[in-house]
Amino acid sequence: MIQPLSRLLRSAYDRPVLMLMLATLAWGGNSVAGKMAIGEVSPMVIVFLRWAIVGSIVLVTMRKGIAQHWPQMRPYFPHLTLMSLFGFVGFNMLFYIAAHSTSAVNLGIIQGAMPALVLVGAMIAFGTRVAALQVAGIFVTMTGVALVAAKGDLSNLAALEINLGDGIMLIACVFYAGYTLALRNRPLVPGAIFFGVMALISSAASIPPVIYEVMAGDALWPTPKGWLIVLFIAIFPSFLSQIFFMRGVELIGPARAGIFINLVPIFGAILAVLILSEPFHLYHALALGLVFTGIWLSERRKAPEAASASGEG
């Protein structure tokens, strides 16, 4: 029984498409988990427990590798701390706060703006040249996001009638785009070791926000259902998805693997409809079409910086 299972797992680990689809499915499921957490566990507690659990797993499974590569990483510690604050802790804090005032469908679709935001950031930070198709892609993608934020009526934008949660989610995407751009200058160590160190830093960085939430009287420690949600978030979107995505990158390269990140909004929307029974309006379908058209246009000549994105924090 054990040997056939072991062979099956090894076979699955060597299939890049499977690895990448499982990773993006887990990231899509994070939107649903964020909505299900409402009333079961508060946002800062989720972030703290999420990274505390992942950090514990990292210490058990990667401590020797981290110790071996730490001399290479030590000079980058301030850089890594900022990356953790923006990409892992800050993004997730805003993500779970946004879940309180927008739908899981919206959370998923708005994440589709990340490639366009990375491209804009690469232009500003690194002077990356952008082709006309990429500019068109940015415009089309952001139109799709604006359509979601305006609930299908772009005139709402002029009246500033935008859902607070959608705006917070867009800021979270800006945070993660900054993290993605910073990957350009990350230490040259194995991806798993890099992620492990980032997870440990995030474990420490998530302590002040949860202390603030406790002192403000807003902390809600997990109910039994809340613990199941936290464990899902820690094990799947936070840990296994990173391992699966890095394996996919190892097998087929970052450029081809990066395309699969575009599945996150699709999986997020599908899961929200199937699990949460959230309504899926015509403007959601139009927005998804615009987002993916924009991404397709942008990737006709993909910027090197944009190709380095490693998925959700």
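Assuming 0.36 nm per residue, please report the length gained on full extension of the stretch V214 to L59 beyond their Cα-Cα distance.
Full-extension gain reported as 53.1 nm.
Note the direction-averaged projected area, equal to a quarter of the hull surface, for the Cα convex hull of region 102-253, in nm².
12.3
Whenever you get a sec, line up I229, I171 from highest to lowest accessible area (probe 1.4 Å, protein heavy atoms). If you can, show how the numbers build up before the last one.
Details: I229 10, I171 90 Å².
The most accessible residue leads, giving I171, I229.
Rounded to the nearest 500, what is the chain's calculated 222 nm mean residue ellipticity when only DSSP H runs of at least 4 contribute -39500 (n - 2.57) each, over all residues?
Roughly -22500 deg cm²/dmol at 222 nm, from the helical runs in the chain.
With every protein chain kept in the model, how would you rank T128, T293, T24 by accessible area, 1.4 Å probe, largest at the top? Don't skip to the answer; put the middle values down first.
Working: T128 30, T293 70, T24 0 Å².
Result of the area sort, largest leading: T293, T128, T24.
Looking at the chain from every direction and averaging, what is the projected area of its Cα convex hull in nm²?
Working: hull surface 68.9 nm².
Answer in nm², one decimal: 17.2.
Determine the relative contact order of region 28-134: mean sequence separation of Cα pairs under 8 Å and six or more apart, normalised by residue count, in whole percent.
Computed over region 28-134, the figure is 47 percent.
Once ligands and nucleic acids are excluded and a 1.4 Å probe is used, how much of Y179 is accessible, expressed in Å² to the nearest 10?
My reading of the accessible area for Y179 is about 10 Å².
Of P187, P224, P237, which has the largest mean-square fluctuation in a 10 Å C-alpha GNM of the chain?
Comparing P187, P224, P237 in the GNM, the peak value goes to P224.
For region 2-103, report the convex hull volume of the alpha-carbon atoms normalised per residue, in Å³, without decimals.
Hull volume normalised by residue count: 160 Å³.
How much accessible surface area, in Å² rounded to 10, belongs to the heavy atoms of V145 with a 1.4 Å probe?
10
L274 to L133: extension gain in nm, 0.36 nm per residue of separation minus the Cα-Cα distance?
Net length gain for the segment: 47.3 nm.
At a Förster radius of 22 Å, what calculated FRET efficiency corresponds to the Cβ-Cβ distance of L82 and D14, to the nearest 0.05?
0.05
Pick out which of G87, G178, G65 has the largest mean-square fluctuation in a Gaussian network model of the chain, springs linking Cα atoms closer than 10 Å.
Looking only at G87, G178, G65, the largest GNM fluctuation is found for G65.
Order the following by accessible area, largest value first: E40, E213. Probe radius 1.4 Å; ligands, DNA and RNA are ignored. Spell out each step's value before the answer.
Working: E40 40, E213 15 Å².
In descending accessible area the options line up as E40, E213.
So, in Å, what gap is there between the alpha-carbon centers of region 169-231 and region 31-83?
6
Provide the three semi-axes, in whole Å and in decreasing order, of the ellipsoid equivalent to region 37-168 as defined by the square roots of 5 times the Cα gyration tensor eigenvalues.
Output for region 37-168: semi-axes of 33, 24, 11 Å.
Accessible surface of L231 in the full protein assembly, 1.4 angstrom probe, to the nearest 10 Å²?
70
In nm, to one decimal, how far is the S101 label point from the A67 one, both placed 7 Å along Cα→Cβ?
Calculated label separation equals 4.8 nm.
Contact order normalised by length for the chain, with contacts defined as Cα pairs under 8 Å and 6 or more residues apart; what percent is it? Show your work: numbers first, answer last.
Working: 473 pairs, mean separation 129.0, N = 313.
41 percent.
The values are calculated or read from the model by the stated rules, or taken from the named source; none is laboratory data. In this text the structure is predicted, and so the values were computed from the model without any measurement. All Cβ positions, even for glycine, are placed from backbone atoms using ideal geometry, and neighbour counts span all protein chains on display. Quick note on the areas: whole protein, heavy atoms, side chains included, nothing else; ligands and nucleic acids left out. Shrake-Rupley method; radii C 1.70, N 1.55, O 1.52, S 1.80 Å.
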